[in-house]
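Chemist: One structure, as structure tokens, below. Some questions next.
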Amino acid sequence: MSAKTLAEMAVEVLSTKDGRTKTALSRTHAASWAAARGAAGRDIPLGHAAPPQRPARPDRPELLDPSDVPRRRPGSDKGRIAMLHAVAHIELNAVDLHWDIIARYTDTPMPIGFYDDWVKSADEESKHFNLICDCLEEMGSHYGALPAHAGMWRAAEDTAGDLMGRLAVVPMVLEARGLDVTPGMIAIFERAGATRAVEAMQVIYAEEVHHVAYGSKWFHFLCGRHDLDPKPVFHDLVRRYFHGALKPPFNEEKRAEAGIPPDFYWPLTESATTPG
Ligand SMILES: [Fe+2]
Ligand SMILES: [Fe+2]
């Protein structure tokens, strides 16, 4: 039996700086959780632990304002390395986001399945980061070699006190956006004959649908618990916590598969939003 609680495991991952070390620890803890859940009488308690306001990150990459990060042109090896580097950065952030949702809201009683879902997601994000890092290294680069977007943790900070807001903005908006853009990225790497990157992104694409679906599932669960109408609540929370309009084109098929109907996101696009 593990001596650590799940919340303590989460904080341990969040407090680890190096990317590969963070993902290795994340995968070890996820495996312990899954093993304990599969064996009667070996439950790991959820516990309580204070997650850091911001997760520990490596000294490199340098974090820049999004407008200062150089544009990526996919027509060259250099451009494709920059795209993969940006994906690696998103995946590492996602590892922390999933462990953060585990540790941050333990005062809100949730069914154990909520934790199963996010531990599994954190494990998958760890795998995604490693797969993309492998591609970068095969191309003679590595995570940390280029600057990356600062401010990716903003959604987490903005929703630190609001679990429904976190579910609305992180899995149901940000991760759903990943479903919209990934097919186009896969096509770019297919054209370049970059088989390893294509395979990595196909894994990511298949698994991210589930993360969005977990978000939608637990958002609707909480709406049901509080007798709330999910659609207007979703719109209110996204307008409160997400800065900017949602951008079409949307991957309506995958969004539907993940339990997000069109009337959740279309009213949040620019043309549907009145300025001010
Ligand atoms: Fe991912
Ligand atoms: Fe994800």
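What follows is calculated from the coordinates using simple rules that are stated; it is not laboratory data. Here the structure is a predicted model, which is why all the values come from computation and not from measurement. Cβ: placed from backbone, ideal geometry, glycine included. Neighbour counts: every protein chain shown.
Chemist: Based solely on its DSSP helices, what 222 nm [θ] is calculated for the chain when runs of n ≥ 4 H residues each add -39,500 (n - 2.57) and the sum is averaged over all residues, nearest 500 deg cm²/dmol?
Modeler: Numbers: 11 runs with 165 residues, N = 276.
Value at 222 nm, helices only: -19500 deg cm²/dmol.
Chemist: Treating only the Cα positions of segment 58-272 as identical point scatterers, give the base-10 log of I(q)/I(0) from the Debye formula at each q in 0.07, 0.09, 0.11 Å⁻¹.
Modeler: -0.21, -0.36, -0.54
Chemist: Moving to a separate point now. In whole Hz, with x marking every Gly and Pro, tabulate ³J(HN,Hα) for segment 26-36 from phi via Karplus 6.51 cos²θ - 1.76 cosθ + 1.60, θ = phi - 60°.
Modeler: 4, 5, 5, 5, 4, 5, 4, 4, 4, 5, 5
Chemist: Now a separate question. Within 14 Å, Cβ to Cβ, of H226, how many net charges do the neighbouring residues add up to if Lys/Arg are +1 and Asp/Glu are -1? Intermediate values should be presented prior to the final figure.
Modeler: Numbers: positive: R225; negative: D162, D227, D229, D236.
With Lys, Arg at +1 and Asp, Glu at -1, the neighbours total -3.
Chemist: Under a Cβ-Cβ cut-off of 12 Å, what is the net charge of the residues other than R104 that fall near it, where Lys and Arg count +1 and Asp and Glu count -1? Please report the intermediate quantities before stating the final value.
Modeler: Values: positive: R166; negative: D96, D100, D107, E157, D162.
Computed value for this residue: -4.
Chemist: Quick one: if you stick a label point 7 Å off each Cα along the C-beta vector at A256 and A192, how many nm between them?
Modeler: Reported label-point gap for A256 and A192 is 3.3 nm.
Chemist: Gap in Å between the Cα centre of segment 54-71 and the Cα centre of segment 189-258?
Modeler: The two parts, judged by their Cα centres, are 24 Å apart.
Chemist: Take peptides 26-36, 148-158, 44-54 and line them up by average Cβ neighbours within 10 Å, highest first, as a rough protection proxy.
Modeler: Details: 26-36: 18.5, 148-158: 16.8, 44-54: 15.0.
So the order, starting with the most tightly packed, is 26-36, 148-158, 44-54.
Chemist: Let me confirm the definition first: pairs of Lys residues in segment 58-272, 8 or more apart or on different chains, C-alpha distance under 25 Å. How many are there?
Modeler: Count of close lysine pairs: 10.
Chemist: Let me ask you something else. If you take every residue apart from A34 with its C-beta less than 14 Å away from the C-beta of A34, what net charge results, scoring Lys and Arg +1 and Asp and Glu -1?
Modeler: On the way: positive: R27, R37, R42, K120, K127; negative: D43, D116, D117, D123, E124.
Summing Lys/Arg as +1 and Asp/Glu as -1 gives 0.
Chemist: Read phi for every residue in segment 118-132 and hand back ³J(HN,Hα) as whole Hz from Karplus 6.51 cos²θ - 1.76 cosθ + 1.60, θ = phi - 60°, with x for Gly and Pro.
Modeler: Karplus values, whole Hz, x for Gly and Pro: 6, 5, 4, 4, 4, 4, 5, 4, 5, 4, 4, 4, 5, 4, 5.
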